[in-house]
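What follows is a set of notes on a single structure, which appears directly below.
The values are calculated or read from the model by the stated rules, or taken from the named source; none is laboratory data. Since the model is a prediction, treat every value here as computed from it, not as a measurement. In this analysis, Cβ positions are derived from the backbone assuming ideal geometry, glycine residues included, and neighbour counts consider all displayed protein chains.
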Amino acid sequence: MDQRKVRDVVFAGIDFEGAGAQHGKPDWPVQIGMGTWSVEKGFGDFFVSNLEGQGQVDWYAKRIHGIDEGALEGAPSLLSLWPEVNGRLGEGAVPVAHAKGTEKKFLRVFPGNPFDPWVDTLSLSRASVPNARKHSLGIFCEDIGIAKKVRELVPGRHWHDALFDAVASLVLLEWAVKQYSLQDLPLAALVAPNTTAWTRLRKAMS
């Protein structure tokens, strides 16, 4: 088990936008966004790229993120972006995503790199505000008032852009760490949030 404290960890936010599963074919990524955050250094190392096309993009996916087949022409493959991915997730950085399943699935293209443990900000949002209207990334960030900071960090972008969503997960992480003074807790407090402990924290701070 990783014994580092939260303040000693670099967190690497990552988000993929997908083509959408269709006609029995698996989903594949059309865009990747990444960034980093730490208690000491704040936000940085932003990176975004469309990805090499692997077929048709589902019409509903296009409607959500606005990326069509034309936008993927000449884009690099995900595998070729290993230096960018490793540059942010290497050296002990901890990956962060909102509902991490998609991100973990697409990162399997890099064999032998489990990128573990993960911080899932969906779990953090549920632990911090269990009675929220919604725990989806966009709605939750808007409701708790941190979406403005995401827009300031990555101006001109919007929800369902991979960089915007990756940075939003980091801003949500920062909010939770500061809101509940988690800096000196072990990393495990974020990897597997104890909802009972967070309830006590909320009561103590109210």
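Asp116 meets all of the listed conditions (1) under 22 Å from Thr195 (Cα atoms); (2) at pLDDT 90 or above; (3) out of contact with any strand residue (DSSP E or B) (no Cβ under 7 Å at 6 or more places or on another chain) but one, namely (2). Annotation note: Cβ proximity below 8 Å between a residue of the range 31-54 that is without any contact (Cβ under 8 Å) to a residue 60 or more places away in the chain and over 18 Å from Val6 (Cβ atoms) and a residue that is crowded, with 23+ Cβ neighbours inside 10 Å and among the acidic types (Asp, Glu) (sequence gap 6+ or interchain) occurs for no pair.
Number of residues in the range 148-166 that are at negative phi and either within 14 Å of the chain's Cα centre (by Cα) or of a type in the set (Ser, Thr, Tyr) (or both) equals 8.
The residues of the range 150-206 that are among the charged types (D, E, K, R) and either more than 18 Å from His135 (Cβ to Cβ) or touching a His at 6+ places or on another chain (Cβ under 9 Å) (or both), listed by number, are Arg151, Glu152, Arg157, Asp161, Asp165, Lys178, Asp184, Arg200, Lys203. Does the range 115-134 include one or more residues that are under 17 Å from Met34 (Cα atoms), among the acidic types (Asp, Glu) and within 12 Å of the chain's Cα centre (by Cα)? Checking the range 115-134: at least one residue is under 17 Å from Met34 (Cα atoms), among the acidic types (Asp, Glu) and within 12 Å of the chain's Cα centre (by Cα). Selection of first residues in the range 144-169 that are touching a residue at least 60 places away in the same chain (Cβ under 8 Å) and within 16 Å of Leu124 (Cα to Cα) and of second residues that are hydroxyl-bearing (Ser, Thr, Tyr) and surrounded by 18 or more Cβ atoms within 10 Å (Cβ to Cβ), restricted to Cβ pairs under 9 Å at least 6 apart or on distinct chains, gives the following pairs, ordered by first then second residue: Ala168/Thr121; Ser169/Thr121.
Among the residues of the range 14-31, is there at least one that is exposed (fewer than 14 other Cβ atoms within 10 Å of the Cβ), part of a strand (DSSP E or B), at pLDDT 95 or above and in contact with a strand residue (DSSP E or B) (Cβ under 8 Å, 6 or more places away or on another chain)?
no
Among the criteria (1) within 20 Å of the chain's Cα centre (by Cα); (2) closer than 30 Å to Lys149 by Cα, the one Asp27 does not fulfil is (2).
Determine whether the range 152-173 contains at least one residue that is exposed (fewer than 15 other Cβ atoms within 10 Å of the Cβ) and not in a loop (DSSP other than H, G, I, E, B).
yes
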